[in-house]
Amino acid sequence: MIVSIFNKRIKRMKRITVKVMLVSIVFFVFFTSSFAQQKTNSYMYDKLAGIYNPSYIPDVYYKYNHRVIFGLSTRSQWGGVIKGPKTQSASLEYITRSDNTFNILLGSYILNDKIGPMSSTGIYFKLANFMSKYDNRYGGISAGLQFGAIQYRINTQSLAEKYPNDILTQKNPKVTNPELSLGLSYYKNFTKGILKKTRISTGISLAQLGFNKLEFKSDSFSFNINKKMHTYGYLKINKTLSDFLDLELGTWVSYVKNTPLNVDILAKLRFNDAFTIEGGSNTSGIAHFGFGFNIHKLFTGKENIISIKYSFNPSLINYGSLLGNTHEITIIFSR
């Protein structure tokens, strides 16, 4: 009888231990994911600006009058950490033709993110309009709405190997949650005066509006995680210095309640519209270096460009060497 009571207590302790480990995994994953993604590097803003601000108008529209933009991106963060964050994305945007004073921007994104046992996949759609008194390419105001759904999943396989007979490890909990974002932007192309051949754009957006309670539950356990609204702001200045050299200066600001304000600063040089180099840093202590090149008219027909870019992001903070560096490759097609 004593042995039976002891065995029951052991099994109960095991079940409690597994619960604690599950909750600990979720807490750790969301903490590290928030730290990683909340302090997003400036190159991510540059490549996926439409996700952060649905009113953002792609630069290729102003520079080349391109109306179709398709992009692919893969990112590996914290190279020194086993099962560090990995992100893949795909995006498609289309700008309608009109009388040049009112245009519609349609977009869709797929974003997949994984860190340790936690992974998420989001599908987003955006609708934006930008209006101008004259030609939209010379400036105007843009307003955008983005909506979609994201699924969060927890892989408990590592616990199942240790506790193969425990019911808590026999199902991988997952939850799907809607998401909503709003954005507003202003653009201005200067054609005369001291700012001649300069384009300035700025905007603000609110992401993760409502629907922020995630509830994981099964027959044997349940727990909740609450997400928070994100506020983003950006300012970009594009200046044509000569026939073969362009300069771009940009900053993105992100804020989440009860977390430090994060500011990214980026400078980019474009040579003869064929090769780019860029660099910058942010207040989270992450540096940014990157380069890329453009391939023009690879396909016959209308003017089209394939842009290939690589980014490298070392950490400048004391413990950054323990986490490792971040690498990203993006491919963007526009026409």
Residues that are buried (at least 16 other Cβ atoms within 10 Å of the Cβ), part of a loop (DSSP other than H, G, I, E, B) and in contact with an Asp or Glu (Cβ under 9 Å, 6 or more places away or on another chain), drawn from the stretch 62-84: 66, 67, 77
Is there a residue in the stretch 71-83 that is in contact (Cβ under 8 Å) with a residue 40 or more places away in the chain, β-branched (Val, Ile, Thr), closer than 27 Å to residue 327 by Cβ and touching a helix residue (DSSP H, G or I) at 6+ places or on another chain (Cβ under 9 Å)? yes
Candidate set from the stretch 55-71 (those that are touching a Gly at 6+ places or on another chain (Cβ under 9 Å) and at pLDDT 90 or above); member that is nearest to residue 94 (Cα to Cα): 69
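Okay, residues lined up against (1) outside any strand (DSSP E or B); (2) modelled with pLDDT of 90 or more:
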site: 192; (1), (2): yes, no
site: 201; (1), (2): no, yes
site: 216; (1), (2): no, no
site: 236; (1), (2): no, yes
Does residue 155 satisfy the criteria of being over 27 Å from residue 252 (Cα atoms), at pLDDT 75 or above and of a type outside the set (Val, Ile, Thr)? yes
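The values are calculated or read from the model by the stated rules, or taken from the named source; none is laboratory data. What you see is a predicted model, and the numbers here were worked out from it, not measured in a lab. Because the Cβ atoms are built from the backbone with ideal geometry, glycine has one as well, and the counts that use them run over all protein chains shown.
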